[in-house]
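Single-structure report; data block below.
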Amino acid sequence: MSGNTNMGNAGNQRKFRRQGGGRDGKQRKRDEPTAQDLLTVWVPKTELGRRVANGQVTSIDEVLLEGEKILEPEIVDKLLPELHEELIKLGTTQRTTDSGRKMKFRAVVVVGDGHGHVGIGAGKSDEARPAIENAVKSAKRNIISIPFGCGSWECGCGTKHSIPVEVTGKCGSVRVTLRPAPRGVGIVGNSIVRKVLTKAGLSDVWSTAKGHTSTKYNTAVAVYDALRKLSNMQSGRDWSEE
């Protein structure tokens, strides 16, 4: 009996160590791979991905101005290593199936580098962490580049701290209008508007929102839609010199 007991204890210790446990009985924190670590094992599946991996494309603006579709989030990881993410909302959804109600997590994430690049994405999964990861991947695939400028008649400083023109975006019942603001005003808007514009790198913007703005997803996408319209206005000219 004693021999079997020792063998059982040894097996439990080996299992415990494989799971990351330590001698003090606490779970050891594992180092999770970053986006840059995953690039070392990235195998591109698209023509654009292969060009980025081979170094033929070195600028995300080159990709966006040419209108090429980004299908792999690793492309953005490669070209925008300083990209940061922020969770806007994490909730649950339910649907009725033959076996009963099935619950999933739904996450909404905004990513940006603070220098004119921003993206919004949503993701679902049975667990919270995979839902957030899926949302981050979606946001990276939806990355856009927006022009900066000084479009406020009250300022005229000529620096790139605001947007060049007034623009309106919509999603569902939400309408968000962004207006150029003079230097030093900051971002005037609710928390969702501030999160998206801050990630884009804008410093001074007036904003007004109408509709069911309590719906965080629609509000975030409405702001993104307004910025996307600015992105489509780009034609290679410098708005700050206008």
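What follows is calculated from the coordinates using simple rules that are stated; it is not laboratory data. What you see is a predicted model; the values in this text were computed from it and never measured. Every residue, glycine as well, gets a Cβ built from its backbone with ideal geometry; the counts of neighbours run over all protein chains shown.
A few remarks follow.
- Counted charge near Ala128, where neighbours are those whose Cβ lies closer than 14 Å (Asp, Glu -1; Lys, Arg +1): +2
- For Arg51, the shell of other residues with beta-carbons less than 14 Å away shows a net charge of -2, using +1 for Lys and Arg and -1 for Asp and Glu.
- Selection among Pro182, Gly114, Ser99 by position relative to the dipole of region 92-242 gives Ser99 as farthest towards the positive end (Cβ unit charges, Cα centre).
- Test item: Cα-centred dipole of region 33-81, Lys/Arg +1 and Asp/Glu -1 on Cβ, debye: 160 debye
- With 19 Å as the limit, the listed pairs Lys45/Lys104; Lys170/Lys210; Lys69/Lys137; Lys124/Lys216; Lys89/Lys137 have Lys45/Lys104 beyond it between alpha carbons.
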